[in-house]
Every structure is written in C-alpha cells, then in structure tokens.
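A.B. asks: Before we start, here is the structure in question, set down as structure tokens.
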C-alpha cells in the first residue's frame, strides 16, 4: 500500500471515530493466514466500525510472531489503531501445539513480514479493560484465535462483562470432530479451559464453527488467476498459495473470514440459538459439541447458500467494487 493510500485510510479511520452509529470493536487474533484474510475484510469496513483496539494472542504461532504480524496489519491496513500484546500461552495447558505446519513459521506462509516498529502496548488484558471502561456503549469483541485473553479479562474484570455486547468468535466444532486432532478444532484445542470459562461466563457468543470454514473452502487455483496490482492483492495471493491445509491441500479453508463476513453481511447466514459443551479433560481437551436449542444462550453461524457465500468472500478478498 502506498503512503497516499495509508494516509487516506487513516483519515477514514479518524473520521469514523466520530460517527455515532459506528459500532465499537475490540479484535483479538493470532495471525495466521486466515486471520490475515479476515483482518483485510474488516479493514474494508471502517465506515461501519470503530476499531478501538487489536490484541495479539499465542496460537497459530508464538506470541512474538503473532504480535509482529499484527504490527504489519496496523501499519498497512489499520493505521492509527491501538494494538496490544496478549497472552504468551494457554491458561492451563503447557506448551500447546501451534499450527506453523499450516501457516508457516512466520504465520504468513511465504510472505515475508520482517521486523516492525509500530508501537505495541505490553498488556492486552489491561488495554481491553481500559477500552471497555471508557466506552459510552457496549463493545463487540471479535476473536479469531484461542480465547485466552478474553478468559483472563472475564476473570480479572468481572464487573466489565456487561460492557461486552457480544463476542463474534471462530472456534469449536458442531459435533466433536476436529482439524488439529480427530476431536478438536484448533482454537478450542489450544486453550479449552479458556473457551469453557467464556462459554459459562454469561457473555453472549456468536460461534463460527469449524464446519463452516470447511464448507466454504476455495480452490487455490481461484487465487492463482487473480491479478496482483497492489500490495494487498499480492499479499492475498501469496497467503492463499502458501497455506498448507490439513483438510484439503488444494484449497483454502475460509475459517476466520466467516466471522467478519457474519458481521458485515449477516444476510448470508442463519444465526441459530444453541448450547455449547466444551471438554477440558486431557485426552479430549478442546472437543466441543454445539447443540441447536431455541432457548440456547449463544448463536451458531450457518451459511444460507455456500456458493453465494464463497463468491462474496473471494470478491471481497480482492477488494472488488461489486461486493
């Protein structure tokens, strides 16, 4: 992105902060190739949202790498947004397995991010609490990684739960199946205790489950045909071509982007009331079962038309005017 484009985006961000209808957001993520795609989609919608804070957490790669990747996004796509460094490891689990076999050691596949100098606050939980305390209206949390930071927030600042409007989150599985183990989706596997705690905290969750990402997989060949006219297009293309999906190595599974699309284009989904059961026993840690229930406290996200959804996401990733 050119300096002129960055300046225009920063001006749009600053103007947006004064819009009374802009929804305040806190983003929590572990970038991560699909996190990166989700953040790009969010950056296209700064006229709708007031991004107060973006926090890193450990997950796809270690915390120092996810934080560096987050600095890259702040520099190029969220200029001026406050960012903070989050949890180095899970609440209980010691040295949980990360996903660098999927995302590469850098988390960005073959894309070289390199050292960044964007300022980072040292404690994401303190920063989250500060945003909630000072917000005039409830804040929506968007989580694209393990729920460690959110669990710590709920533990340390229980009086602030009422300031959380809801949590849009990519985590878990409908039926006890997994993509990091036979029984667990990755974000749930990485910190099952955090997920379980947040589910039981009373905060409303809007769950984007693993199955939705698997259903909206896009062939890598679709990205190979796209032109690379700017930094963004080149970035997306390199990410898509270098991901090593465990489900289908010929495709990109659209996990995290569905969470953002669920907010910006909710008419593409049904949001079904549900109950969530998270297993924390060591042999099945991270296993989840999501049961539809008209009286459920949470919502699970389901696509209305998979082909229409895939078309929308592909066009949106390449910033097509028509979407």
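A.B. asks: Among 237, 287, 283, which is the only one that is within 24 Å of residue 193 (Cα to Cα) and modelled with pLDDT under 95? Don't jump to the end; show me each part of the working.
C.D. replies: Details: 237 fails: within 24 Å of residue 193 (Cα to Cα); 287 fails: modelled with pLDDT under 95.
That would be 283, the only listed residue that is within 24 Å of residue 193 (Cα to Cα) and modelled with pLDDT under 95.
A.B. asks: Also: Across the range 209-234, what is the number of residues that are under 21 Å from residue 27 (Cα atoms) and modelled with pLDDT of 90 or more?
C.D. replies: Going residue by residue through the range 209-234, those that are under 21 Å from residue 27 (Cα atoms) are 209-210, 212-213, 232.
Add one more test, that the residue is modelled with pLDDT of 90 or more, and what stays is 209-210, 212-213.
Matching residues across the range 209-234 total 4.
A.B. asks: Do we have any residue at all in the range 34-50 that's modelled with pLDDT of 95 or more and outside any helix (DSSP H, G or I)?
C.D. replies: No, every residue in the range 34-50 fails to be modelled with pLDDT of 95 or more and outside any helix (DSSP H, G or I).
Listed here are the residues, each with its yes/no results for (1) surrounded by 24 or more Cβ atoms within 10 Å (Cβ to Cβ); (2) over 26 Å from residue 193 (Cα atoms); (3) without any contact (Cβ under 8 Å) to a residue 60 or more places away in the chain.
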position: 32; (1), (2), (3): yes, no, no
position: 40; (1), (2), (3): no, yes, no
position: 44; (1), (2), (3): no, yes, no
position: 51; (1), (2), (3): yes, yes, yes
position: 94; (1), (2), (3): no, no, yes
position: 102; (1), (2), (3): no, no, no
position: 108; (1), (2), (3): yes, yes, no
position: 114; (1), (2), (3): no, yes, yes
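A.B. asks: Would you check which residues across the range 90-126 are in contact with a strand residue (DSSP E or B) (Cβ under 6 Å, 6 or more places away or on another chain) and either at pLDDT below 90 or under 29 Å from residue 285 (Cα atoms) (or both) and list them? Walk me through it before giving the result.
C.D. replies: Filtering the range 90-126 down to residues in contact with a strand residue (DSSP E or B) (Cβ under 6 Å, 6 or more places away or on another chain) leaves 120-121, 124.
Hit for the range 90-126 is 124, nothing else.
A.B. asks: Does the range 139-148 include one or more residues that are closer than 20 Å to residue 172 by Cα, modelled with pLDDT under 95, within 19 Å of the chain's Cα centre (by Cα) and in a helix (DSSP H, G or I)? Explain how you work it out, then say what you get.
C.D. replies: At the first step, the residues of the range 139-148 found to be closer than 20 Å to residue 172 by Cα are 140-148.
Now restrict to residues that are modelled with pLDDT under 95: none.
The answer is no, given that none of the residues of the range 139-148 is closer than 20 Å to residue 172 by Cα, modelled with pLDDT under 95, within 19 Å of the chain's Cα centre (by Cα) and in a helix (DSSP H, G or I).
A.B. asks: Evaluate the range 251-264: report whether one residue or more is touching a helix residue (DSSP H, G or I) at 6+ places or on another chain (Cβ under 6 Å), without any contact (Cβ under 8 Å) to a residue 60 or more places away in the chain and surrounded by fewer than 23 Cβ atoms within 10 Å (Cβ to Cβ).
C.D. replies: no
A.B. asks: Considering only the range 172-199, state which residues are crowded, with 24+ Cβ neighbours inside 10 Å and over 12 Å from residue 210 (Cβ atoms).
C.D. replies: 190, 191, 192, 194, 195, 198, listed by residue number.
A.B. asks: Please go through the range 200-216 and pick out each residue that is surrounded by fewer than 19 Cβ atoms within 10 Å (Cβ to Cβ), in contact with a helix residue (DSSP H, G or I) (Cβ under 7 Å, 6 or more places away or on another chain) and closer than 24 Å to residue 254 by Cβ.
C.D. replies: Across the range 200-216, the qualifying residue is only 215.
A.B. asks: Failed condition for residue 154, given (1) crowded, with 22+ Cβ neighbours inside 10 Å; (2) part of a helix (DSSP H, G or I), with all others met?
C.D. replies: The number of the failed condition is (1).
A.B. asks: Within the range 305-323, is there a residue that is in contact with a helix residue (DSSP H, G or I) (Cβ under 7 Å, 6 or more places away or on another chain), closer than 17 Å to residue 218 by Cα, in contact (Cβ under 8 Å) with a residue 40 or more places away in the chain and outside any helix (DSSP H, G or I)?
C.D. replies: Within the range 305-323 (the criterion being in contact with a helix residue (DSSP H, G or I) (Cβ under 7 Å, 6 or more places away or on another chain), closer than 17 Å to residue 218 by Cα, in contact (Cβ under 8 Å) with a residue 40 or more places away in the chain and outside any helix (DSSP H, G or I)), the answer is yes, since at least one residue qualifies.
The values are calculated or read from the model by the stated rules, or taken from the named source; none is laboratory data. Note that this is a predicted model, so its numbers are computed, not measured. Using ideal geometry, Cβ is built from the backbone for each residue, glycine included, and neighbour counts are taken over all protein chains shown.
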